[in-house]
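Notes for the one structure printed next.
The values are calculated or read from the model by the stated rules, or taken from the named source; none is laboratory data. Everything numeric here is computed off the predicted structure, so don't read it as measured data. Cβ: placed from backbone, ideal geometry, glycine included. Neighbour counts: every protein chain shown. Remember, those area values only see protein heavy atoms, side chains included, never the ligands or the DNA or RNA. Shrake-Rupley method; radii C 1.70, N 1.55, O 1.52, S 1.80 Å.
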Amino acid sequence: GNSVTQMEGPVTLSEEAFLTINCTYTATGYPSLFWYVQYPGEGLQLLLKATKADDKGSNKGFEATYRKETTSFHLEKGSVQVSDSAVYFCALTSGGSYIPTFGRGTSLIVHP
Amino acid sequence: ETGVTQSPTHLIKTRGQQVTLRCSSQSGHNTVSWYQQALGQGPQFIFQYYREEENGRGNFPPRFSGLQFPNYSSELNVNALELDDSALYLCASSLMEGANNEKLFFGSGTQLSVL
């Protein structure tokens, strides 16, 4: 079956530091890959996505590249802000289903 | 602001009771999905409704049931509550139109505590 593995959190950074949150996946066929963000007290919001190998999804300074050879979709940002503090979820859909399988989430805490 | 609203925001029940959670979809959306998010976990798919019919179900027992109404709003019902049902319940709406059904719009959730 499908599964998503994310690095354990929390990830604690100072403002303007470089961010990487690792995500690897197991899926049948050719999945689409997503990052969702959940700010405190809110539901999940789609941050970015990639639908085929070597695609790069990007939004709000965040980027992730679909790496089929390593089955990875790591999230990166060059300079984080306090407002980026949230929980980040890696997810995938595959096999013609549009119902995502989510990872456990990684909490990011950014200090001023 | 996604346009998806859920009620209530918080709820406390006791074991064995029944609960109904409500979701109002974003305008124009015809599909609603429900997810259970336990503390420290990712959302787990419960079921999906498309045009008032159940269109997919995750690994949840039959005491989890749902409805979608003609205006595409939705309810999640849970009977015989158990302590492990304590979680954040998320509703997500989307527009299923041909192959384009991947963008989900989530509500802020209902936090259910079972004592």
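Quick one: which residues, 5+ away or cross-chain, put their amide H under 5 Å from the amide H of B:T31? H built at 1.01 Å from N.
So B:T31 has HN proximity to B:S94, B:M96.
Toward the positive end of the charge dipole of region A:1-79, about the Cα centre and with charges on Cβ (Lys, Arg +1; Asp, Glu -1), which of A:T20, A:L33, A:H74 goes farthest?
A:L33
Quick one: which residues, 5 or more positions from A:I109 or on another chain, have an amide H under 5 Å from its amide H? H modelled 1.01 Å from N in the peptide plane, none for Pro or chain starts.
It is A:V11, A:T12, A:L13, by chain and number.
Just tell me the longest site-free run in chain B, where the sites are GluC sites (Glu not before Pro) in a DSSP loop having at most 12 other beta-carbon atoms within 10 Å.
B:2-81
Over chain B, with the other protein chains present, what is the accessible area per residue in square angstrom, probe 1.4 angstrom?
49 Å²
Using each residue's phi in region B:25-38, evaluate 6.51 cos²θ - 1.76 cosθ + 1.60 at θ = phi - 60° and report the 3J(HN,Hα) Karplus result to the nearest Hz, with x for Gly and Pro.
Once rounded to whole Hz, the list reads 6, 5, 3, x, 8, 10, 10, 10, 10, 10, 10, 10, 10, 6.
Averaged over A:91-98, how many beta carbons belonging to a partner chain fall within 10 Å of each residue's beta carbon?
3
In terms of solvent-accessible area of protein heavy atoms at a 1.4 angstrom probe, what is the ranking of B:R15, B:R51, A:R67, highest value first?
So, going from the largest accessible area down, we get B:R15, B:R51, A:R67.
Compute accessible area for region A:40-61 by itself and then with all protein chains, 1.4 Å probe, and report residues whose area falls by 50 Å² or more.
Buried by 50 Å² or more upon assembly, which counts only protein chains, are A:L44.
Quick one: if the Förster radius is 22 Å, what FRET efficiency do B:T5 and B:A38 give, using the C-beta to C-beta distance and rounding to 0.05?
After rounding, the FRET efficiency stands at 0.45.
If you wrap the protein assembly as shown's Cα atoms in a convex hull and average its projection over all directions, what's the area in nm²?
Dividing the Cα hull surface by four gives the mean projection, 12.3 nm².
Please give the total accessible area that chains B and A bury against each other, computed with a 1.4 Å probe and expressed in Å² to the nearest 100.
1600 Å²
Hey, can you grab everything whose amide H is under 5 Å from the amide H of B:G42? Only 5+ residues off in sequence or another chain; H modelled, so Pro and N-termini drop out.
It is A:R104, by chain and number.
Picking from B:P61, B:W34, B:L83, whose Cα lies most toward the positive end of the charge dipole for chain B (charges on Cβ: Lys, Arg +1; Asp, Glu -1)?
B:L83
List, in order, the whole-Hz ³J(HN,Hα) value for each residue of region B:87-97 obtained from phi through the Karplus relation with A = 6.51, B = -1.76, C = 1.60 and θ = phi - 60°; use x for Gly and Pro.
Ordered by residue, 3J(HN,Hα) equals 5, 8, 9, 10, 10, 9, 10, 7, 10, 8, 9 Hz.
Probe radius 1.4 Å, ligands and nucleic acids left out: which of B:K13, A:K52, A:K77 has the largest accessible area, and how do the rest follow?
So, going from the largest accessible area down, we get A:K52, B:K13, A:K77.
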